[in-house]
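In what follows, a single structure is set out as structure tokens and then discussed.
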Amino acid sequence: MAAENDRCLGYMAEFEAGLTPEKARAFSVIKRAYTGSAPLRVLAQLPAHKILNASEQMAFEAERVRALPEQVAPSSDLVLILKATRLCNLRCEYCISWAEGANQVMRFDVLVRTLREFLTMRGATTVDVVWHGGEVTMLKPKLLKKALWLQESFRQEGQTILNAVQTNATRLTDEWMDLLAEYDFQVGISLDGPPEVHDQRRRDKKGLPTSRLVEQSIAKLNRAGIRFGVLVVVDRAVLQIGAERVLDYLAGIGVESVHFLPLDGTDPKIYIDGGRHFEVDDSFVPYSQYVSFLERGFEYWWDRYKGRLAVAIFEDLIEAVQNKDAPRSHMCYWKGNCMNSVFVVEPTGEVGPCDTFTGNPNRFYGRIGERPLVPMLDSSANLRLNRQEMIDGPRHMTDCEWFRLCKGGCPHDRLLARVSKTVTSCCGLSPLLKRIETVVRRERSVGV
């Protein structure tokens, strides 16, 4: 029976490969009804020549036969942030992640080699692949479909691969919507609060506002039943309008999940001391002000939006306070040793830590393809430096009553705290944690 099902899936895959985009969209509805939650099984049945062009087939075959030593993953759970492109259609005031010109789109051979290196490491049981930019939707959706096929080709038995797209949500065409729905992508949307803030910060190349386009995309995602969350960068303008206004706006346009990030205001031109330390510009929001913003918003969220609008950091910390244990979350903040598990790969193949270190001239560990990944990481002076930060940075925080939860927080935030001379005896979340504990105890005491 299983063999017969596989043959049927294979026939469906080959049939779909020959359809026009319009007919393929209609066929996808029928296919989902038959296959249920197994669209990747259909895709995996396609032979290489049905999904890849001639040059891509050559790159795939060359990589498939390339000798690669057995490698042990530095962590069982890996986050692979793929900078598929640095091209972007927006010019956000604070952003340093976009670029123009040559070599700003990841070559197919770099993509193939990257996926094989990360997915075939022994012990890598879960790999979160985050498609990032620039703006990913500057590319054609079929590139990500090819990448999914590659993932299935390299997937180890029992390995879980999750895919997410981070987007400014101004270019979500029907073709993109079909891809996201069919293959169950998690979607992250960059939306910096209500229009009076977002449209001042996130404009297109012509200087035009973009909040209306984002709102339209959110409505489309909701109608299609596609999972998404919103990422809000907390700058001084967001601090000024307050968490209450932000939460009201997001709930009003149909957002069900949000994560807040502080704007670090790092200028990549003024990294000093070999990139170990750096200065910050006037847009820098001290972590203490960011936490105060969260404090003020927490009780408002608790009274009005708990259960309706998920705020990742609130829900993680509520669980942690209740269970007296570290949050069980995919948020990198709680990983404790993110340098062993979160990696960025640039369009040209350089491997480095997460995007918070963008601009540091010494951030990269090496380049995909120059040598096998694990030996490259093990020999990298930069990775050793970053790992040492994971050890040295939290030493003065271990006496904090909440250290068991945050484990010292983000290493980049700790560097910023030192440079801005705002170092404290904890990662900075203590006031928020105390507020959460007070509210949780109060609710328990009234028997709610």
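The values are calculated or read from the model by the stated rules, or taken from the named source; none is laboratory data. Just so it is clear, the model here is predicted, and its values are computed rather than measured. All Cβ positions, even for glycine, are placed from backbone atoms using ideal geometry, and neighbour counts span all protein chains on display.
Residue by residue, here is whether (1) surrounded by fewer than 21 Cβ atoms within 10 Å (Cβ to Cβ); (2) under 21 Å from VAL311 (Cβ atoms) holds:
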{"position": "ALA169", "(1), (2)": "no, yes"}
{"position": "LEU172", "(1), (2)": "no, no"}
{"position": "TRP176", "(1), (2)": "no, no"}
{"position": "ALA181", "(1), (2)": "yes, no"}
{"position": "GLN186", "(1), (2)": "yes, yes"}
{"position": "ASP204", "(1), (2)": "yes, no"}
{"position": "LEU208", "(1), (2)": "yes, no"}
{"position": "LEU213", "(1), (2)": "yes, no"}
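Test of understanding: among MET177, MET106, which residue is at pLDDT 95 or above, within 30 Å of ALA251 (Cβ to Cβ) and under 20 Å from the mean Cα position of the chain (by Cα)?
Details: MET106 fails: within 30 Å of ALA251 (Cβ to Cβ).
Being at pLDDT 95 or above, within 30 Å of ALA251 (Cβ to Cβ) and under 20 Å from the mean Cα position of the chain (by Cα) holds for just one of MET177, MET106, which is MET177.
Among the candidates ARG395, ARG367, ARG304, single out the residue that is modelled with pLDDT of 85 or more and either in contact with a Gly (Cβ under 6 Å, 6 or more places away or on another chain) or not assigned by TED's automatic domain parsing to the domain that holds PHE118 (or both). Exactly one of ARG395, ARG367, ARG304 is modelled with pLDDT of 85 or more and either in contact with a Gly (Cβ under 6 Å, 6 or more places away or on another chain) or not assigned by TED's automatic domain parsing to the domain that holds PHE118 (or both), namely ARG367.
With respect to LYS145, is the statement that it is charged (D, E, K, R), within 19 Å of the chain's Cα centre (by Cα) and either at pLDDT 95 or above or buried (at least 17 other Cβ atoms within 10 Å of the Cβ) (or both) true? When the stated conditions are applied, LYS145 passes them. Taken as a whole, the condition of being surrounded by fewer than 16 Cβ atoms within 10 Å (Cβ to Cβ), part of a helix (DSSP H, G or I) and either under 26 Å from the mean Cα position of the chain (by Cα) or modelled with pLDDT of 80 or more (or both) does not apply to ARG414. Mind checking which residues of segment 180-201 are hydroxyl-bearing (Ser, Thr, Tyr) and over 14 Å from the mean Cα position of the chain (by Cα)? Hit for segment 180-201 is TYR183, nothing else.
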